[in-house]
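Scroll down for the structure; my scribbles are underneath it.
The values are calculated or read from the model by the stated rules, or taken from the named source; none is laboratory data. All of these numbers come straight from a predicted model, not from anything done at the bench. Methodologically, a virtual Cβ is constructed for each residue, glycine included, from the backbone with ideal geometry; neighbour enumeration extends over all protein chains shown.
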Amino acid sequence: MADFLSAAIQITSTSNVEENFAISEEQIEIAYRRGAELIGLPENFAFIGDDQERLDIAASLSEKCSQFLVTMARRYQVVLLGGGFPVPAGDGQRTLNRAELVGRDGQLLGRYDKIHLFDVDLPDGNKYRESETIISGNDLPSVVNLPGLCKVGISICYDVRFPELYRHLVKQGAELLMIPAAFTAFTGKDHWQILLQSRAIENTAYVIAPAQTGQHSSRRQSHGHAMIIDPWGTVLADAGVQQGAAIAPVDTSRVQSIRNQMPCLKHIKKELF
């Protein structure tokens, strides 16, 4: 069974794409030098800014993001997840929010377009309407088998509130769930960690959750606390609120051990799904 080091990167992205790439590479290199073989970047790692600007640059930015992930994976010989970047939806008015998983040789291993969109009125007065500028993906995420490492299921941010998505991934064999996010500071303080631990515990799977942190603009702040959580729900690493990374080992033999001890996945009533 595989035993390897993983990293959930935490950055504060802005509307400066090149600076975001530079900060992302800096954290990838640090994680690589510490021995990480599977590295995740957060949602919106390349751009957080005005909706119209995101739409205007989406075509060129999506190409840059895909190429950046390929270059980084090859340069540092790691498996790399780009946790979410804008891709033109084809209607000239909205984008998809796409995550891509790239192998050491630069090959695209998996792709997922976020399906749950954050349309929420928060008690602090902030309103979010992702559906006004983002279109939901059409397909459920698939599990990616990483030879020599593990089987990975990909999701993005708001997906974490929908446990049925993770049941779907685990039924396909996922041992590790990647949940890159740009969680709001207001909801994050109460919900982020408990949601991540819940997804780990109920699915007896590792969770790797890269995160945005800090003040992106006068109107937007992210919670931080990128985390790696084991299948028992234990937080193995927490990046706090500074730019950096949560780094911890993944041991797939522990997944099987805990699933043998707590065989809840075998007790699922088929008629419920």
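For the residues ASN145, ASN126, ASN97, ASN138, the requirement of being surrounded by 22 or more Cβ atoms within 10 Å (Cβ to Cβ) and polar (S, T, N, Q) singles out ASN97.
For region 232-265, residues that are part of a loop (DSSP other than H, G, I, E, B) and either among the aliphatic types (A, V, I, L, M) or in contact with a helix residue (DSSP H, G or I) (Cβ under 9 Å, 6 or more places away or on another chain) (or both) total 7. If you go through region 15-52 and keep only what is within 21 Å of CYS157 (Cβ to Cβ) and in contact with a Phe, Trp or Tyr (Cβ under 8 Å, 6 or more places away or on another chain), you end up with SER15, VAL17, ASN20, PHE21, SER24, ILE28, LEU38, ILE39, ASN44, PHE45, ALA46, PHE47.
Quickly run through region 153-182 and pick out the residues that are touching a residue at least 60 places away in the same chain (Cβ under 8 Å), aliphatic (A, V, I, L, M) and crowded, with 24+ Cβ neighbours inside 10 Å. Matches in region 153-182: ILE154, ILE156, LEU176, MET178, ALA181, ALA182. Within region 205-227, take every residue that is touching a strand residue (DSSP E or B) at 6+ places or on another chain (Cβ under 8 Å) and hydroxyl-bearing (Ser, Thr, Tyr) and give me the one that is farthest from ALA185 (Cα to Cα). Taking the candidates together, the pick is TYR206. Going by what's in this entry, would GLN52 be described as outside any helix (DSSP H, G or I) and either in contact (Cβ under 8 Å) with a residue 12 or more places away in the chain or more than 16 Å from the chain's Cα centre (by Cα) (or both)? Answer is no for this residue. Going by the structure shown, is ARG54 at pLDDT below 95 and either among the charged types (D, E, K, R) or touching a helix residue (DSSP H, G or I) at 6+ places or on another chain (Cβ under 6 Å) (or both)? Here the answer is yes, as ARG54 does meet what is asked.
Before we move on, is SER6 farther than 26 Å from VAL144 by Cα and surrounded by 23 or more Cβ atoms within 10 Å (Cβ to Cβ)? So SER6 does not fit the description; no. Considering PRO141, PRO147, the condition of being more than 17 Å from ARG220 (Cα to Cα) and free of Cβ contacts under 8 Å to residues at least 12 places away in the same chain is satisfied by PRO147 alone. Taken together, the residues in region 9-39 that are part of a loop (DSSP other than H, G, I, E, B) and crowded, with 23+ Cβ neighbours inside 10 Å amount to 1. Mind checking which residues of region 61-116 are touching a residue at least 40 places away in the same chain (Cβ under 8 Å), touching a Pro at 6+ places or on another chain (Cβ under 9 Å) and assigned to a strand (DSSP E or B)? Passing the criteria: LEU81, GLY82, GLY83, GLY84, THR95, LEU96, ASN97, ALA99, GLY110, TYR112.
Return the residue satisfying two criteria in turn: it lies in region 125-173 and is hydrophobic (A, V, I, L, M, F, W, C) and assigned to a loop (DSSP other than H, G, I, E, B), and of such residues it is nearest to THR252 (Cα to Cα). Write out each step before concluding.
Restricting attention to region 125-173, the residues satisfying the condition of being hydrophobic (A, V, I, L, M, F, W, C) are 134-135, 140, 143-144, 146, 149-150, 152, 154, 156-157, 160, 162, 165, 169-170.
Then drop every residue that is not assigned to a loop (DSSP other than H, G, I, E, B), which leaves 135, 140, 149, 156, 162.
Values: ILE135: 35, LEU140: 24, LEU149: 8, ILE156: 22, PHE162: 24 Å.
The residue in question is LEU149.
Return yes when ILE135 is over 21 Å from ARG199 (Cβ atoms), touching a strand residue (DSSP E or B) at 6+ places or on another chain (Cβ under 7 Å) and in contact (Cβ under 8 Å) with a residue 40 or more places away in the chain and no when it is not.
Working: over 21 Å from ARG199 (Cβ atoms): yes; touching a strand residue (DSSP E or B) at 6+ places or on another chain (Cβ under 7 Å): yes; in contact (Cβ under 8 Å) with a residue 40 or more places away in the chain: yes.
Criteria met by ILE135.
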